[in-house]
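Okay, so here's the structure we're looking at.
The values are calculated or read from the model by the stated rules, or taken from the named source; none is laboratory data. Because the structure is predicted, anything quoted here is derived from the model rather than measured. No Cβ is skipped: glycine too gets one built from the backbone with ideal geometry, and neighbour counts run over all protein chains shown. Heavy atoms of the whole protein, side chains included, go into the accessibility calculation; ligands, DNA and RNA do not. Shrake-Rupley method; radii C 1.70, N 1.55, O 1.52, S 1.80 Å.
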Amino acid sequence: LPHIQQDKFFDRLAKAFEFCEKKVQDGKIRSYGLATWACFRAKPKESKLHLNLHDVVQVAQKVGGDKHKFRYAQLPFNIIMPEAFVEKWQDVKTGDKTTRESFFQAGKAYNINVISSSPLAQGLMMQVPLNVDLFKVANLGAKHLQFARSIPAQNLLSNDIFENKKNKF
């Protein structure tokens with residue numbers, strides 16, 4: 001996204017989604033997603049980097065209709081990269097109303113399952129001490145993982161994943 005114009009990016013994204021939707025039709029995959037390192041965490045004013053989930057979902061709807069199979073978004077989430085949970089940088093459109101929500105809440109609103117990557121910030125978190133009593137876990141790495149795991153599931157998973165009888169939680 002920062003290296004090409006936004007319209008070219010969305011054209012490429014549409015082609016990728018067309019490919020994925022075809023694989024769904026062919027029975028090769030059930031659904032697909034998008035992983036980014038920075039785009040979903042960037043501030044809206046960082047226009048050459050910020051990516052709004054609403055715009056991505058619109059591409060999926062354009063390509064696959066209302067029953068598109070774009071179902072997952074992955075982005076880093078840890079103590080030094082908490083934006084997905086704490087910053088309201090995503091536009092969520094419901095009818096005529098637009099609100100600003102966290103990425104996790106936007107994912108829920110659009111039935112996109114959010115997957116966290118880099119919970120230990122590529123090992124960097126192993127150098128960041130946490131209070132001894134935090135999470136009642138002795139191992140530092142486990143404490144940092146517990147931080148990421150402590151986000152309630154209802155903030156991460158779309159409603160349809162709980163209703164899907166093939167998934168067992």
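A few notes on this one:
- Residue match in region 79-102 (condition: surrounded by fewer than 16 Cβ atoms within 10 Å (Cβ to Cβ), touching an Asp or Glu at 6+ places or on another chain (Cβ under 9 Å) and on the phi > 0 side of the Ramachandran plot): no
- Residues of region 1-36 that are hydrophobic (A, V, I, L, M, F, W, C) and under 26 Å from residue 116 (Cβ atoms): 1, 9, 10, 13, 16, 17, 19, 20, 24, 29, 34, 35.
- Region 8-47, residues that are of a type in the set (D, E, K, R), outside any loop (DSSP other than H, G, I, E, B) and open to solvent by less than 70 Å² (accessible area, probe 1.4 Å): 21, 23
- Selection count where residues are assigned to a strand (DSSP E or B) and either within 21 Å of residue 30 (Cα to Cα) or modelled with pLDDT under 95 (or both), scope region 49-90: 9
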